[in-house]
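Enquirer: Below: one structure in structure tokens.
A short reminder: the numbers here are calculations on the coordinates, not readings from a lab. Everything numeric in this text was worked out from a predicted model, so none of it was measured. Cβ placement follows ideal geometry from the backbone for every residue including glycine, while neighbour counts extend to all protein chains displayed.
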Amino acid sequence: MEKVLIIGGGASGMAAAIRAAEDPARRITLLERQARVGRKLSATGNGRCNLTNLEAEPRCYHGEDPAFTAPVLAAWPPRRVLEFFAGLGLKTVTEYGGRVFPMSGHAGSVLDVLRLGLEKPNITVVTGCTVDAVRRSGAGFSVSAGDQSFAADRLILACGGCAGAKLGGVMDGYALAASLGHSRTGLYPALTPMRTEPDYPRALKGIRVNALVRLIQGNRILAEAEGDVIFTDTGLSGTAVFALSRFAAGQRDLTAELCLFDEPGETLFADLSARRSRWSKLEANRILTGAVQPRLGQMLCRYAGIGGGAAAETLTDAQLRTLAGAMRSFRLPVTGVSGFEAAQVTAGGLRTSEFDPVTLGSRIVPGLYACGELLDVDGDCGGFNLQWAWASGLRAGELR
Ligand SMILES: Cc1cc2nc3c(=O)[nH]c(=O)nc-3n(C[C@H](O)[C@H](O)[C@H](O)COP(=O)(O)OP(=O)(O)OC[C@H]3O[C@@H](n4cnc5c(N)ncnc54)[C@H](O)[C@@H]3O)c2cc1C
């Protein structure tokens, strides 16, 4: 029997174990430091687990060499990953933008079928087992975790990255790979909230809107994204903000511009004029009643310099034009991005040039493989990171 050790019982490690175990001549041992496998999975997609995206392709990924993802995504495209899950018993639904979720609406369903998939005679799962050292031993490996030790002919590193620390994100995988001669790029948090000047966001805390968000530096638009924006105590969160966070990391003098209404300024002005006539006696700062949530309407008015004391009929055309401008350009100075604690994914990781993009085998250490977030691959928001975790885990588990 060939002995295969997998370090990390997260998304990619579980997929690798199930795939590797398809060959009955292999004995698989999956080592997980936490008390149970797949802990992070339960928290994904706000508890719904956005498990893949039908539009996944290399352009959705980042790292020193995004093309590195191409052979793995070609071998395990989203549809084949979904067949893998259907084979485990999972039913799924596809929503806007190709995002796929379990039909149950619960991330737990994804974890449940994976756990059942791991129940095979040639798979042993060891939890509460933190691997602290990996050594070459003859043509194989010897692995230690406290006072336990394991021997393997082949070894798959599936330790994930350092994002989502509360859910188990740690630096271990990088250190274990380094001890075998591998190097990594710089690491930084991605898909994470942005901190802004807090005055407006704090007053709007909890409000969710759909907006086009532009990240601006000086007169230059660095990036833009459309989607959910959630106001928080410290700034902005939501899918559109997550998408921009990678461009904000390490940058200075940034502004987030929210375009809350995509109609032309003149159309907005005409609508505001009609509101001024219709609701002439209404408090001026309630003029956006019915257009946005009341708190947001009042904040937009405040941003445009319109207070609550006077009646709507006193608003001048110039004030309405300023308000129309604010509805298309609500600007907040960015003071930074949140750290690994709040990030969904680690940007950077093990250098992909040191791994074969077809097999995910190490070019430095024969018999060693790596998969998932540990590698220098991070995806856009929308199911792309789990797609990479499954696809690369399944590919590594083939042990080519
Ligand atoms: C809050 C949150 C929500 C997210 N939502 C989504 C989403 O909806 N869609 C999406 O595509 N992506 C989402 N992601 C990202 C996605 O969860 C990760 O990219 C994915 O889980 C990476 O899989 P992985 O197997 O590489 O790492 P992980 O799933 O992190 O698994 C790594 C495992 O290795 C274990 N480990 C680490 N070191 C050791 C050691 N020394 N010994 C033994 N075990 C070890 C860890 O405990 C962990 O269980 C989300 C992330 C977070 C934090």
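Enquirer: Computed over the Cα atoms of the stretch 248-325, what is the convex hull's projected area averaged over all directions, in nm²?
Expert: Values: hull surface 24.2 nm².
Its average projected convex-hull area is 6.1 nm².
Enquirer: May I pose another question? How large is ³J(HN,Hα), in whole Hz, for each residue of the stretch 174-185 in order, when computed from phi with the Karplus curve 6.51 cos²θ - 1.76 cosθ + 1.60 and θ = phi - 60°, using x for Gly and Pro?
Expert: 5, 5, 5, 5, 5, 5, 9, x, 8, 10, 9, 7
Enquirer: Now, a different point. If you count, for each residue, the other Cβ atoms within 10 Å and average over each peptide, how do 285-295, 150-160 line up from highest to lowest? Numbers along the way, then the final one.
Expert: Working: 285-295: 16.9, 150-160: 25.0.
Descending packing order for the listed peptides: 150-160, 285-295.
Enquirer: Obtain the nm distance between the two label points defined at R400 and A35 by a simple spin-label model: each point lies 7 Å from its Cα along the Cα-to-C-beta direction.
Expert: Placing both labels 7 Å along Cα→Cβ, they lie 4.0 nm apart.
Enquirer: Then there is this: Could you tell me which residue out of P58, T335, G297 lies farthest along the dipole of the chain toward its positive end? Charges go on the beta carbon: Lys and Arg +1, Asp and Glu -1, centred on the Cα centre.
Expert: G297
Enquirer: Would you be so kind as to identify which of G361, L204, Y174 lies farthest towards the positive end of the dipole of the chain, taking Lys and Arg as +1 and Asp and Glu as -1 on Cβ and the Cα centre as origin?
Expert: L204
Enquirer: Among DSSP beta bridges lying fully in the chain, give the percent that are antiparallel, nearest 5. Could the numbers behind the result be given before it?
Expert: Details: 52 of 71 bridges.
DSSP beta bridges in the chain are roughly 75 percent antiparallel.
Enquirer: Can I ask one more? What's the FRET efficiency of S142 with N210 using the Cβ-Cβ distance as r and R₀ = 45 Å, to the nearest 0.05? Don't jump to the answer; show the numbers that get you there.
Expert: On the way: r = 53 Å, r/R0 = 1.19.
Computed FRET efficiency for S142 and N210: 0.25.
Enquirer: Could you compute the FRET efficiency for M171 and R302, with r as their C-beta to C-beta distance and R0 at 45 Å, rounded to 0.05?
Expert: On the way: r = 44 Å, r/R0 = 0.98.
It comes out at approximately 0.55.
Enquirer: Once the convex hull of the C-alpha atoms of the stretch 116-252 is built, how many Å³ does it hold per residue, rounded to a whole number?
Expert: On the way: hull volume 24.8 nm³, N = 137.
Each residue corresponds to 181 Å³ of Cα convex hull volume.
Enquirer: What's the extension gain from R59 to D253 if we count 0.36 nm per residue and subtract their Cα-Cα distance?
Expert: Gain in length upon complete extension: 67.1 nm.
Enquirer: What three numbers, in Å, describe the spread of the alpha carbons of the stretch 252-400 along their principal axes, ordered from the longest?
Expert: For the stretch 252-400, the Cα spread along each principal axis is 78, 28, 24 Å.
Enquirer: For E341 and A311, FRET efficiency with R0 = 51 Å and r from the beta-carbon atoms, rounded to 0.05? Spell out each step's value before the answer.
Expert: Details: r = 47 Å, r/R0 = 0.93.
Efficiency computed from Cβ-Cβ geometry: 0.60.
Enquirer: Next question, about the same structure. I want to check the label-to-label distance for L222 and A274. Put each point 7 Å from Cα in the C-beta direction and report it in nm to one decimal.
Expert: According to this spin-label approximation, the distance is 3.9 nm.
Enquirer: Two decimals is fine: what is log10 I(q)/I(0) at q = 0.15, 0.24, 0.27 Å⁻¹ for the stretch 295-352, from a Debye sum with one equal scatterer on every Cα and no solvent?
Expert: Here log10 of I(q) over I(0) equals -0.60, -0.99, -1.12.
Enquirer: How large is the Kirkwood hydrodynamic radius of the stretch 304-391, counting all unique pairs of alpha carbons, in Å? Mind dumping the intermediate values first?
Expert: Details: mean 1/r = 0.0559 Å⁻¹.
Hydrodynamic radius (Kirkwood, Cα only) of the stretch 304-391 equals 17.9 Å.
Enquirer: How large is the dipole of the chain about the Cα centre if only Lys and Arg carry +1 and Asp and Glu carry -1, each at its Cβ, rounded to the nearest 20 debye?
Expert: Values: 43 positive and 39 negative charges, 111 e Å.
With Lys and Arg at +1 and Asp and Glu at -1, about 540 debye.
Enquirer: If you find the alpha carbon centre of the stretch 279-298 and of the stretch 26-92, how far apart are they in angstrom?
Expert: For the stretch 279-298 versus the stretch 26-92, the Cα centre distance is 45 Å.
Enquirer: Taking the 0 to 90 degree range and rounding to the nearest ten, how far is the long axis of helix 107-117 tilted relative to the main principal axis of the chain, both from C-alpha atoms?
Expert: Value to nearest ten degrees: 10.
Enquirer: Where nothing but the Cβ of Lys and Arg (+1) and of Asp and Glu (-1) is charged, how large is the charge dipole of the stretch 292-400 around its Cα centre, in debye to the nearest 20?
Expert: Computed about the Cα centre, the dipole is about 300 debye.
Enquirer: Let me ask another. Using the Kirkwood radius built from alpha carbon pairs, what does the Stokes-Einstein equation give as D for the chain at 25 °C and 0.890 mPa s, in µm² per second?
Expert: Values: Rh = 22.8 Å.
This corresponds to a translational diffusion coefficient of 108 µm²/s.
Enquirer: Across bins of 10 angstrom width beginning at 0, how are the C-alpha pair distances of the stretch 197-327 distributed, in whole percent?
Expert: In whole percents, the pair-distance histogram is 13, 41, 32, 13, 2.
Enquirer: How many nm separate the modelled label positions at L180 and T267, each set 7 Å beyond the Cα in the direction of the Cβ?
Expert: Going from the L180 label point to the T267 one covers 5.6 nm.
Enquirer: Let me ask something additional. Highest mean first, what order results for 176-183, 299-306 on Cβ atoms within 10 Å? Walk me through the intermediate numbers first.
Expert: Values: 176-183: 17.0, 299-306: 19.8.
Taking the mean over residues of other Cβ atoms within 10 Å, the ranking is 299-306, 176-183.
Enquirer: Which far-off residues, 5 or more places away or on another chain, put their amide H under 5 Å from the one on G10, with H placed in the peptide plane?
Expert: Residues meeting the criterion, in which the H sits 1.01 Å from N, are G38.
Enquirer: Let me ask another. Determine which lysines satisfy two conditions relative to K3: a Cα distance under 25 Å, and not lying fewer than 8 residues away in the same chain.
Expert: Result set, ordered by chain and number: K120.
Enquirer: For the stretch 40-178, what is the Kirkwood hydrodynamic radius in Å, using each pair of distinct C-alpha atoms?
Expert: Numbers: mean 1/r = 0.0570 Å⁻¹.
By the Kirkwood definition, the hydrodynamic radius is 17.5 Å.
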